[in-house]
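Contents: one structure, followed by commentary.
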Amino acid sequence: MPSQRRPWGASSYCRGALAAFSCLIGLGGVAQAAKPIVIGTTVSETGPLATDGEYQLRGLQLGVAEINAHGGWLGRKVELKVYDDKSSPGAAVRLYQRLITLDKVNLLIGPYSSLVTVAVAPLINKYHMATLEPGASVPSIYVKGNTWNLMNTADSTTYLHQLLPLAKQHGAKTVALLGLESAYSLACYHARVAQAKELGFKIVYQTTYTLQTDFSSIALAIKNAKPAVVLECGYYPDSVNLVRSLHQQGYAPQFMGETVGPVEAAYVKALGPLANRVYGNSGWWFNFKTPGNAKFIADYKKMFHAEPDYHAAAAYTATQLLGAAVEGTHSLDQEKIRQWIVTHKVESIQGPIQDNQYGHTVGAVQDRVQIQSGVLKLVAPASLAQAKPEIPYTGN
Amino acid sequence: MLALQLLVNGILLGGLYVLVAQSLNLIFGVMGVVNLAHGAVIALAGLFTYWFTAHTGANPLLVLPIAGVAGALMGALGQRLLVEPVMRHGARSELLSLLVTFGLSYILIELALQLFGADFVSVPDLQSSWQLGSLAFGKALVVAGVFALVMSALLYAWLNHSMSGKTLLAAAQSPTGAISCGIDVALVRMTAFGIGVGLAAAAGVLVIIIQPVAPQTASDLTLLAFVIIALGGLGDYLGVAIAAVLLGITQSVAGYYLGGNAEYILPYVLLLVVMVARPGRFRRIR
């Protein structure tokens, strides 16, 4: 079921005496011209990806609210039509098919997570819909022959890319690497395995895993391998379970890094002091001196009474980027919009966004954050860092 | 020492499985109803625990009796209003009750979504371990395991050594015979369902201490519980407890030597093997 109100059809404008008169005397065309521009999307409002999906939805809602506050696009209001894909790739494919063929939305924004987007991407390509993908960081989506999916965030091979060099500087020589069986996390995992080898780390333990809840055996194996660094590419629930299990098995590596989980407010609430000194990554941060960032943060807090994260920032960026393309081309033509996006660099709250010809964002990286005394702080790059990294991870 | 730690981890994991599965087993054993709302009850109770402790700062274990009693009362009421009416349809009652609890699970999941949101949450209690020499015993799993053990023992003793328990078993084995002996079978079923739901709600309080829970966790929990009771013997309380612990130990060893994926798929592989090798186990034990 859509979680937003249904977009107004032309018949809505014929309601009321004045509108009825306009329709009768043939001014239906005027009403038609003022029809809202509808952006269709799905978000994981339920299912295992719902924690991050909610941030994406809020980023989109805020973006659309601000667009409308400034008069919309092409003189028309903008509406968001959202379905819950339940974190299911299969459900998302059906819903995007519906958005394109039945709802006939004007524009699309992709779903949350690479896992879901990988399934939807061929459909978007088939229908030639220029679709921004704020929640899909796996690079294999943005390749030759699949060029209608347009990235607007850092790709997942950059997640936690600064952690191993930092650990090496502090004498770490061994690493345990874990990756969730999911598109983005496997891309991250394989990139970190390759990086560890390049940097001369000895990989003393590595495994991939499914969305399981028991990490006691994995934690015991890590404990026996005694790595200086434990680096996990996963989602929020498994991030929490791994840290907890390592603590229960009595092991605290010198460096503990996890993707996605640590940036969520629920992470610190779930782990308490165990979360301290865990590293995470973020493609956006509160202190970025980027155009509109301060306003984005203030408006987000006002609208949702909570703080944004990088998923919300990426979704908000997607609405800004799409708006720039629509206004830049004065059109809703998909080919023109796609062409505009892959040929223009746009300054966003995340920093400059520039896609290559295949829709892959060039040059964007995920920066390093660390939880310090229960508060998430940006610790790299040095030019933006709010604090120095606290070493070692203590696990309490 | 490694072998011992793997054994400890496996037994503790098995304790969690007993906790999750035994209440489903009770309801199935007595009524022949696969309660598909089982996982939703666990998730709802867990999320309530999170909400309650976040707002009061209370120890989550204090919620155990509240959840248990409230779950039992609501379970009994739900059974009388929703499940009992379909139990009078003879051979069709098992399928009809399956559909009723399936619908109920969706209502409870939606209720949890509306009340608590879609986020995974957990509580930061009992996160450390008790050490015995070099062996680590995760506190949350120990508490859950002890609770499951006590509940299973009480359940077993009650069913086999008390008049009311034997009445319940009699109603399970032959409803017609029980009625002819003057047993109020409808009351027995309501009692069993109430106790089962109460135990599931208590399990939810402990599960959220062990792992993050969200409304959508419900279906995973139901599936896991069903796999365990299928492996242990549908309606066989001792068999389910033994199967749960053996499964925990097997997963613990597989996870250590073969990695996360092997550990995850193991219950389902075992289920397939048992289904093929021992199809007779998939009958309700009366």
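The values are calculated or read from the model by the stated rules, or taken from the named source; none is laboratory data. Just so it is clear, the model here is predicted, and its values are computed rather than measured. Glycine gets a Cβ as well: all are built from the backbone with ideal geometry, and neighbour counts include every protein chain shown. Just the protein is used for accessible areas: all its heavy atoms, side chains included, with ligands, DNA and RNA removed. Shrake-Rupley method; radii C 1.70, N 1.55, O 1.52, S 1.80 Å.
Quick query: amide H of A:THR208 versus all other amide H atoms, modeled in the peptide plane; which residues come in under 5 Å with a sequence gap of 5 or more or a different chain?
A:GLY179, B:GLY260, B:ASN261
About its Cα centre, how strong a charge dipole does the stretch B:2-282 have in debye, to the nearest 20, once Lys and Arg get +1 and Asp and Glu get -1 at the Cβ?
480
Would you work out the charge dipole size for the protein assembly as shown about its Cα centre, treating the Cβ of every Lys and Arg as +1 and the Cβ of every Asp and Glu as -1, and quote it to the nearest 20 debye? Don't jump to the answer; show the numbers that get you there.
Numbers: 45 positive and 36 negative charges, 81 e Å.
In total the dipole reaches around 380 debye.
How many Å² of accessible surface get buried when B and A come together, counting both sides, probe radius 1.4 Å, rounded to the nearest 100? Write out the running numbers ahead of the final one.
Numbers: alone 13550 and 15770 Å², together 26550 Å².
So the total buried area for this chain pair works out to about 2800 Å².
Please report the carbon-and-sulfur percent of the accessible area for chain B; probe 1.4 Å, protein heavy atoms only, DNA, RNA and ligands left out. Walk me through the numbers before you get to the answer.
Working: 8820 of 12140 Å².
That share works out to 73 percent.
Assign one of three labels to the stretch B:1-94, namely rounded, prolate or oblate, based on the Cα gyration tensor with a ≥ b ≥ c the square roots of its eigenvalues; rounded applies when a/c is under 1.5, prolate when it is not and a/b is larger than b/c, and oblate otherwise.
Details: a/c = 3.55, a/b = 1.36, b/c = 2.61.
Because a/c hits 1.5 or more and a/b fails to exceed b/c, the stretch B:1-94 counts as oblate.
Counting only other chains, what is the mean number of Cβ atoms within 10 angstrom of the Cβ of each residue in peptide B:9-17? Spell out each step's value before the answer.
On the way: counts 8, 3, 0, 3, 4, 0, 0, 2, 1.
Average per residue, whole number: 2.
Using helices alone, I'd like the mean residue ellipticity at 222 nm for chain B: each DSSP H run of four-plus residues gives -39500 (n - 2.57), total over residue count, nearest 500.
Details: 11 runs with 210 residues, N = 286.
Per the formula, -25000 deg cm²/dmol.
Please compute, over every Cα-Cα pair in chain B, the percentage with a separation greater than 26 angstrom.
On the way: 17264 of 40755 pairs.
Cα-Cα pairs of chain B separated by over 26 Å account for 42 percent.
Just in the stretch B:47-101: which chymotrypsin sites (Phe, Trp or Tyr not before Pro) are loop by DSSP and have at most 10 other Cβ atoms within 10 Å?
Working: sites: B:PHE48, B:TYR50, B:TRP51, B:PHE52; in loops: none.
In loop regions of the stretch B:47-101 (DSSP not H, G, I, E or B), there are no sparsely surrounded chymotrypsin sites (Phe, Trp or Tyr not before Pro).
Are there any helices in chain B, counted as whole DSSP H runs, that stretch 24 Å or more along their axis by Cα and score at least 0.0 on average by Kyte-Doolittle, and if so which? Don't skip to the answer; put the middle values down first.
Working: long enough: B:2-31 (43 Å, 1.81); B:38-56 (27 Å, 0.93); B:93-116 (33 Å, 1.65); B:139-161 (32 Å, 1.54); B:185-210 (37 Å, 2.27); B:237-258 (30 Å, 1.54); B:260-277 (26 Å, 1.69).
Those that clear 24 Å and a mean of 0.0 are B:2-31, B:38-56, B:93-116, B:139-161, B:185-210, B:237-258, B:260-277.
Counting only heavy atoms of protein chains, what accessible area per residue, in Å², does chain B have with a probe of 1.4 Å?
Working: 12140 Å² over 286 residues.
About 42 Å² of surface per residue is accessible.
Just give the residues from the stretch A:273-303 buried by at least 10 square angstrom of accessible area in the all-chains context relative to the isolated chain, probe 1.4 Å, and say none if nothing qualifies.
Listed in order, they are A:LEU274.
Within chain A, which complete DSSP H helices have Cα atoms spanning at least 24 Å along the helix axis and a mean Kyte-Doolittle hydropathy of 0.0 or higher?
Numbers: long enough: A:50-69 (28 Å, -0.16); A:310-329 (28 Å, 0.43).
Taking the DSSP H segments of chain A (at least 24 Å long, mean hydropathy at least 0.0), we get A:310-329.
Can you give me the relative contact order of chain A as a percent, contacts being Cα pairs under 8 Å and 6 or more apart?
17
Calculate the mean, over all residues of peptide B:120-133, of how many other protein chain Cβ atoms lie within 10 angstrom of the residue's Cβ. Let's see the in-between values first.
On the way: counts 13, 7, 9, 3, 10, 1, 2, 11, 7, 4, 1, 1, 0, 0.
Average neighbour count from other chains, rounded to a whole number: 5.
Provide the per residue accessible area, probe 1.4 Å, for the stretch A:286-396, rounded to a whole number of square angstrom. Please report the intermediate quantities before stating the final value.
Working: 4920 Å² over 111 residues.
Computed with neighbouring chains in place, this is 44 Å² per residue.
For chain A, what does the helix formula give at 222 nm: sum of -39500 (n - 2.57) over DSSP H segments with n ≥ 4, over the residue count, nearest 500 deg cm²/dmol?
-12000 deg cm²/dmol
Per residue of B:214-224, count partner chain C-beta atoms within 10 Å of its C-beta, then hand back the mean as an integer.
So the per-residue partner count for this stretch is 3.
Do you know the relative contact order of chain B, to the nearest whole percent, from alpha carbon pairs under 8 angstrom that are 6+ apart?
Numbers: 477 pairs, mean separation 112.3, N = 286.
Relative contact order for chain B comes out at 39 percent.
Pop out the ³J(HN,Hα) list for the stretch A:146-156 in order, Karplus 6.51 cos²θ - 1.76 cosθ + 1.60 with θ = phi - 60°, rounded to Hz; leave Gly and Pro as x.
Coupling constants for the stretch A:146-156: 9, 9, 8, 8, 10, 6, 9, 8, 6, 7, 6 Hz.
Does the stretch B:133-286 come out rounded, prolate or oblate, given a ≥ b ≥ c as the square roots of the eigenvalues of its C-alpha gyration tensor, rounded meaning a/c under 1.5 and, failing that, prolate meaning a/b above b/c? Present the calculation step by step, with values, prior to reporting the outcome.
Numbers: a/c = 2.14, a/b = 1.60, b/c = 1.34.
Verdict is prolate for the stretch B:133-286.
Tell me the carbon and sulfur percent of the accessible area for chain A, rounded to whole percent, probe radius 1.4 Å. Display every interim value, and only then the final one.
Values: 8240 of 14420 Å².
That fraction is 57 percent.
Could you list which residues have their amide H under 5 Å from that of A:VAL38, counting only those 5 or more apart in sequence or on another chain, with H placed in the peptide plane?
Residues meeting the amide H criterion: A:GLU79, A:ASN106, A:LEU107.
Project the alpha carbons of chain A onto their principal axes and report the range along each, largest first, in whole Å.
81, 37, 36
Answer rounded, prolate or oblate for the protein assembly as shown, using the Cα gyration tensor with square roots of eigenvalues a ≥ b ≥ c: rounded when a/c is under 1.5, else prolate when a/b is larger than b/c, else oblate.
On the way: a/c = 2.26, a/b = 1.34, b/c = 1.69.
Oblate.
Can you pick out the pairs among A:LYS295/A:LYS336; A:LYS223/A:LYS269; A:LYS269/A:LYS345; A:LYS77/A:LYS295 whose Cα atoms lie more than 32 Å from each other?
Values: A:LYS295/A:LYS336 30 Å; A:LYS223/A:LYS269 25 Å; A:LYS269/A:LYS345 38 Å; A:LYS77/A:LYS295 21 Å.
Beyond 32 Å: A:LYS269/A:LYS345.
Heavy atoms only, 1.4 Å probe, whole protein assembly: order B:MET163, A:MET151, B:MET190 by accessible area, highest first. Mind showing how you got there, number by number?
On the way: B:MET163 150, A:MET151 0, B:MET190 45 Å².
If we order B:MET163, A:MET151, B:MET190 from most to least accessible, we get B:MET163, B:MET190, A:MET151.
If you average the alpha carbon positions of the stretch A:108-164 and of the stretch A:284-354, how far apart do those two centres end up, in angstrom?
Using only Cα atoms, the two centres lie 16 Å from each other.
Heavy-atom accessible surface, probe 1.4 Å, ligands and DNA/RNA ignored: which residues of the stretch A:179-228 lose at least 50 Å² versus the isolated chain?
Buried-area filter returns A:THR210, A:GLN212, A:ASP214, A:SER217, A:LEU220.
Taking 8 Å as the Cα distance limit and 6 or more residues as the minimum spacing, I'd like the relative contact order of the stretch B:197-270 as a percentage. Walk me through the numbers before you get to the answer.
On the way: 35 pairs, mean separation 13.5, N = 74.
This gives 18 percent for the stretch B:197-270.
Loop-only check: which GluC sites (Glu not before Pro) in the stretch A:299-396 are DSSP coil with at most 16 other Cβ within 10 angstrom?
Numbers: sites: A:GLU327, A:GLU335, A:GLU347, A:GLU390; in loops: A:GLU390.
Counting only loop positions with at most 16 other Cβ atoms within 10 Å, the GluC sites (Glu not before Pro) in the stretch A:299-396 are A:GLU390.
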